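I have a structure I would like to understand better, so I am pasting it below and will then ask my questions one at a time.
The values are calculated or read from the model by the stated rules, or taken from the named source; none is laboratory data. Bear in mind that the values here come from a model prediction, so they are computed numbers and not experimental data. We place every Cβ from the backbone using ideal geometry, glycine too, and count neighbours over all the protein chains shown.
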Amino acid sequence: MRRIAILSTSATLALLLALGGCSKTDAPSGEAGKSGSAAKPTAAVSAERLLKADSDSANWLTTGRTYDEQRHSPLKQISDSTVKQLGLAWHHDLDAINRGQQSTPIVVDGVMYVSAAWSKVFALDARDGTLLWAYDPKVPGEWGINACCDVVNRGVAVYNGKVYVGTLDGRLVAIDAATGKPVWETLTIDKSKRYAISGAPRIAKGKVFIGNAGSELGVRGYISAYDAETGKQLWRFYTVPGDPAAGFENAAMEKAAKTWTGEWWKLGGGGTVWDGITYDAESDLLYFGTANGTPWNYSQRSPKGGDNLYLSSIVAVKAETGEYVWHFQTTPADEWDYDATNQLVLATLKIGDQDRKVVMQASKNGVFYVLDRATGEFISAKPFVTINWATGFDPKTGRPKEAADARYSKSGKTFLAIPGAAGGHSWHPMSFSPATGLMYIPALDMGMPFAPENGRKSSKYTFNIGYDFAATSMPQDPIIKKSVKEGSVGHLSAWDPVAQKEVWRVQYKEPWAGGVLSTAGNLVFQGTAMGEFVAYSADKGARLWAASTQAGVVAAPITYEIGGEQYVAVEVGYGGALAIAAGEIARDKHIKGNNTPRILVYKLGGTDALPAQVVVDLPLNPPAQTASAEVVEKGFKIFHPYCNNCHGDAAVSGSAIPDLQHSPTLADAAAWESIVLGGARKDRGMVGFADELNKEDVEALRAYVIHRAHETLAENKAAKK
């Protein structure tokens, strides 16, 4: 049985009816909330106020609190000595789908602005959670197929009376902060390509900076700047070169083209800027990280070699013009999905006898980098998790020394890479405390097999990455599964960036915990996959306080102050890449619940309480298997890669996306076909695959899921003995 927490019988019925397709709820665009709230959503944030955000401790004005993206607060009313008095002040259930909620709330003068799945935006009274307005950009459900890693959104930006959000379907929207009505919107992508936006915009000097995602889906990466008042595009910097025959946009692209071979531009190239963007007010530089190439498989992407600039790189450009200044490539010629899109943190560190102004990143490749932020000069690099793809780093350049057998494209053999594609650290924000000098990293300890795929035709519905999903799916041998699941864990690491060593860690039995907040109260806050919100001492990592969240947490907390009271807030809702794709690892390593998207806000002496959950068992009652072993095997090979990236490896859902093993349509071939082939639920994100699959394919898929349901049923029965 699959255990799901629900609140009513009608909710059970709705959930059962939804099985077999992703769901999408609609909230009224610009809907006003209760009247009489003391907070007024003016978003009175100027360029000067953003520059002085560090001294404005009561507010959280930008996604990293300040331009340096340290996510550290000087507030200390809630401290290591008072945190045990922390209680829930208020909670607000967001009118959003129960998928991954990854937003960092923004708080300005008593108003909280927060986004949710499907790019919805909400304004709440930050004192009591009263809804002031809600905005729904009405992203078409079928666009969800173009989001590699869930229909998530990581936050908004505020400036001069407006709230800015990047939508999943590639729009940048400016919303009137007072009314929740759109002021302008700009399409930032070519909609004939499979782009999506999941990251939070950044704002500096009247410009809005935004990138996009899609490196697995055949696009060319770039970052753009727009006028905050009009939405007019001011500049665009491409991260990989286009067709040389068409000429190059600038000298940086001409230089990059010399590091590519073959006809990469026909494949897209990749290198998207889907998360980390940091502005340095001192130098007027904009730093951003770039993603993997298209495809992952290096031999297919660049058959005659080359580093493939500016893939998997940290890049600095002039914020005013977008002109290239410097780059540092963390993983040359990457083929393990080691994006360098993670958060980029600015600080001044005492290194040797010098104060160095640096930019730091805990990269997906498992390595912590410290670079000179003015020049990009390499200072140091050290693995913060176990890695096996590299054996060391050049002490002068930081270039990795690759392990002999790491390149699966070269060997043609499966390579178990550590870390895997989820990274040693993914997008989940880390925090740097100037008080302790430590970086607090939500780290992952997971490997992943990489096997080259040859011969499959390009698809408009799948990842086109030259990777064999079927060959690397979870084996059903119980001993192997047990070993893989036990070895897939995570931890919170307190990392000394000067000494490049771990000072303390909190070990979790699960991967994919939330982002981190540190405060001057000697505290570090983090939510977990198992539905806890925890406070640790920043100096020693002692567990000081915890509260149940009733849902897994992946987003990062914030803190703010109103009327002399300090609050700590976090958005909850489990989801994201690992949650939807990792199958049994994700299913068994996060809290079982209804995954209600919520804002939870705590203060000293808070007395609010979450509603009680009732956990019931959804039936696992598959129909009899009538298909042959050959048909089941065919379905297995179609499921991977067509279905696994949403419905989970080996047909096991690890999050709120329906677990197909429980779908009533397994017993109704016509209903199954109407969804998978006909697109009956495309408005919920489940598109039809009629362009690439036929009735026999779809019936084979059904046979495979029935087969897996019977295997799961047998495992459940065996476990009870």
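Name the one entry in Val325, Val315 that is in a strand (DSSP E or B), surrounded by 24 or more Cβ atoms within 10 Å (Cβ to Cβ) and among the aliphatic types (A, V, I, L, M).
Just a single option satisfies the conditions, and that option is Val315.
Give all pairs with beta carbons closer than 8 Å in which a residue from region 431-456 that is more than 14 Å from Asn388 (Cα to Cα) meets a residue that is part of a loop (DSSP other than H, G, I, E, B) and among the basic types (Lys, Arg); count only pairs at least 6 apart in sequence or on separate chains.
Going by the 8 Å Cβ cut-off, the qualifying pairs are Ser431/Arg71; Phe432/Arg71; Ala451/Lys413.
Within region 384-398, restricting attention to residues that are surrounded by 18 or more Cβ atoms within 10 Å (Cβ to Cβ) and either in contact (Cβ under 8 Å) with a residue 40 or more places away in the chain or of a type in the set (D, E, K, R) (or both), which residue is nearest to Ser488 (Cα to Cα)?
Top of the filtered list is Val385.
Here's a follow-up. Of the numbered conditions (1) more than 26 Å from Leu285 (Cα to Cα); (2) surrounded by 23 or more Cβ atoms within 10 Å (Cβ to Cβ), Thr167 satisfies every one except a single condition; which is it?
With (1) more than 26 Å from Leu285 (Cα to Cα); (2) surrounded by 23 or more Cβ atoms within 10 Å (Cβ to Cβ) applied to Thr167, the lone miss is (1).
Name the residue, out of Leu677, Leu660, that is closer than 27 Å to Ile465 by Cα and in contact with a Cys (Cβ under 9 Å, 6 or more places away or on another chain).
The conditions single out Leu660.
To continue, here is another question. Is it the case that some residue within region 48-57 is crowded, with 18+ Cβ neighbours inside 10 Å, among the aliphatic types (A, V, I, L, M) and at pLDDT 85 or above?
yes
For region 522-537, give me the residue count where each residue is touching a residue at least 40 places away in the same chain (Cβ under 8 Å) and surrounded by 24 or more Cβ atoms within 10 Å (Cβ to Cβ).
Residues flagged as touching a residue at least 40 places away in the same chain (Cβ under 8 Å) and surrounded by 24 or more Cβ atoms within 10 Å (Cβ to Cβ) within region 522-537 amount to 8.
Tell me, which residue of region 566-586 that is assigned to a helix (DSSP H, G or I) and not β-branched (Val, Ile, Thr) is nearest to Met530 (Cα to Cα)?
Ala586
Something else: Just give me the residues in region 593-612 being buried (at least 16 other Cβ atoms within 10 Å of the Cβ) and either over 17 Å from His92 (Cβ atoms) or free of Cβ contacts under 8 Å to residues at least 40 places away in the same chain (or both), in sequence order.
Filtering region 593-612 down to residues buried (at least 16 other Cβ atoms within 10 Å of the Cβ) leaves 593-604, 606, 610.
Listed by number, the residues that qualify are Gly593, Leu604.
Based on this model, can you work out whether Ala627 counts as in contact with a Leu (Cβ under 8 Å, 6 or more places away or on another chain) and under 24 Å from Ala470 (Cβ atoms)? Quick ask: steps written out before the conclusion?
Working: in contact with a Leu (Cβ under 8 Å, 6 or more places away or on another chain): no; under 24 Å from Ala470 (Cβ atoms): yes.
Against the criterion (in contact with a Leu (Cβ under 8 Å, 6 or more places away or on another chain) and under 24 Å from Ala470 (Cβ atoms)), Ala627 does not qualify.
Of everything in region 446-470 that's charged (D, E, K, R) and surrounded by 19 or more Cβ atoms within 10 Å (Cβ to Cβ), which residue is nearest to Tyr536 (Cα to Cα)?
That would be Asp468.
Please determine whether any residue of region 355-363 is without any contact (Cβ under 8 Å) to a residue 60 or more places away in the chain, buried (at least 24 other Cβ atoms within 10 Å of the Cβ), assigned to a loop (DSSP other than H, G, I, E, B) and among the small types (Gly, Ala, Ser).
The answer is no, given that none of the residues of region 355-363 is without any contact (Cβ under 8 Å) to a residue 60 or more places away in the chain, buried (at least 24 other Cβ atoms within 10 Å of the Cβ), assigned to a loop (DSSP other than H, G, I, E, B) and among the small types (Gly, Ala, Ser).
The conditions are (1) at pLDDT below 95; (2) part of a strand (DSSP E or B), and Glu561 fails exactly one of them. Which is it?
(1)
Take region 378-409 and flag every residue that is among the aliphatic types (A, V, I, L, M) and either under 14 Å from Thr331 (Cα atoms) or not in a loop (DSSP other than H, G, I, E, B) (or both).
Ile379, Ala381, Ile387, Ala390, Ala403, Ala406
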